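Structure record follows, encoded as structure tokens.
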Amino acid sequence: EAAVTQSPRNKVAVTGGKVTLSCNQTNNHNNMYWYRQDTGHGLRLIHYSYGAGSTEKGDIPDGYKASRPSQENFSLILELATPSQTSVYFCASGRQGLFANTEVFFGKGTRLTVV
Amino acid sequence: GDSVTQTEGPVTVSESESLIINCTYSATSIAYPNLFWYVRYPGEGLQLLLKVITAGQKGSSRGFEATYNKETTSFHLQKASVQESDSAVYYCALGDRGNTNKVVFGTGTRLQVLP
């Protein structure tokens, strides 16, 4: 069974602070993704990666950075957190290939509140 | 642009009743859409429920089914008799079979099945 683990599961951060959301997958998948979900919106892609050392911008990358130091780990970094980044964040991983063509496995989500 | 519109929740039905969650899509930049239903059970990450890549075909899983209708640009999710364990959030999604990782999610429909 594919396993994608996110940490922390809940986080309260102050405006202007730095936040790092971590994601680990144990399935040796090449591709990893970070999404956010807000009320009234579907999941929106922030950053994704094709493998260690690779990061690509998704649809809403502004205010976020990503880091893929290894096959297993993919972090989302908010250098200067703002209240508009309050959301639920989902990490996902998938085998090499396109999201649209291969099954993708999601983590349980991280609820971030920026006050 | 590309978009997915689905039934606004919450949807409440009683056990053993039938269910339909509507999904329509607009694929203005995606030449060959793939269509998905993902489900998120309480406390879990999203998981793929079913996927159809060819217009006119039907996908089915766990008693749910959905038909990819290119003429009406729809991919409605149906189940003849729901169970309490089906209570979850259901997401319709549109993917690109082409050269991107582009997947557009709907806003999600929360389903509550009453015993």
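Before moving on, here are some points about what is shown:
- Heavy-atom accessible surface of chain B, averaged per residue, reaches 47 Å², computed with a 1.4 Å probe.
- Other protein chain Cβ atoms within 10 Å, averaged over every residue that makes up A:8-14: 0
- Here's the picture: charge each Lys and Arg Cβ at +1 and each Asp and Glu Cβ at -1 in the protein assembly as shown, and of A:ASN24, B:GLY9, B:ILE20 the one pushed furthest to the positive end of that dipole is A:ASN24.
- Efficiency of FRET from Cβ geometry, A:THR113 and B:LYS70, R₀ 30 Å, rounded to 0.05: 0.10
- Total formal charge among the other residues, if their Cβ is under 11 angstrom from that of A:GLY58, Lys/Arg +1 and Asp/Glu -1: +1
- With a 10 Å cut-off around each Cβ of A:43-52, the average count of Cβ atoms from other chains is 2.
- When the alpha carbon gyration tensor of chain B is reduced to an equivalent ellipsoid, its three semi-axes come out at 24, 14, 12 angstrom, largest first.
- Net charge of neighbours whose Cβ lies under 10 Å from the Cβ of B:GLN83, counting Lys and Arg as +1 and Asp and Glu as -1: -1
- The alpha-carbon positions of region A:13-115 define a convex hull whose volume is 90 Å³ per residue.
- Accessible surface of B:ILE21 - all protein chains present, 1.4 Å probe, nearest 10 Å²: 0 Å²
- On the basis of the beta-carbon distance and an R0 of 45 Å, A:VAL14 and B:SER60 show a calculated FRET efficiency of 0.40.
- Summed buried accessible area for A+B [probe radius 1.4 Å, Å², rounded to 100]: 1800 Å²
- Placing unit charges on the Cβ atoms of the charged side chains and taking the dipole of region A:1-107 about its Cα centre, the candidate lying farthest along the positive direction among A:ASN73, A:THR55, A:THR15 is A:THR15.
- Over the C-alpha atoms of region B:34-73, the Rg to Rh ratio, Rh being the Kirkwood estimate, stands at 1.04.
- Selection from B:SER61, B:VAL89, A:GLN85 lying farthest towards where the dipole of the protein assembly as shown points positive, charges on Cβ: A:GLN85
- Taking the convex hull of the alpha carbon positions in the protein assembly as shown and averaging its projected area over all directions gives 12.1 nm².
- In a simple Cβ point-charge model (Lys, Arg +1; Asp, Glu -1; nothing else charged), region B:10-93 has a dipole of about 320 debye relative to its Cα centre.
- Accessible surface of chain B, 1.4 Å probe: 45 percent of it comes from carbon and sulfur atoms.
- Cα centre as origin, Lys/Arg/Asp/Glu Cβ charges: region B:48-115 dipole, Debye: 160 debye
The values are calculated or read from the model by the stated rules, or taken from the named source; none is laboratory data. Bear in mind that the values here come from a model prediction, so they are computed numbers and not experimental data. So basically every Cβ, Gly included, is an ideal-geometry build from the backbone, and we count neighbours across all protein chains shown. Calculation scope for accessible area: heavy atoms of the full protein, side chains included, ligands and nucleic acids excluded. Shrake-Rupley method; radii C 1.70, N 1.55, O 1.52, S 1.80 Å.
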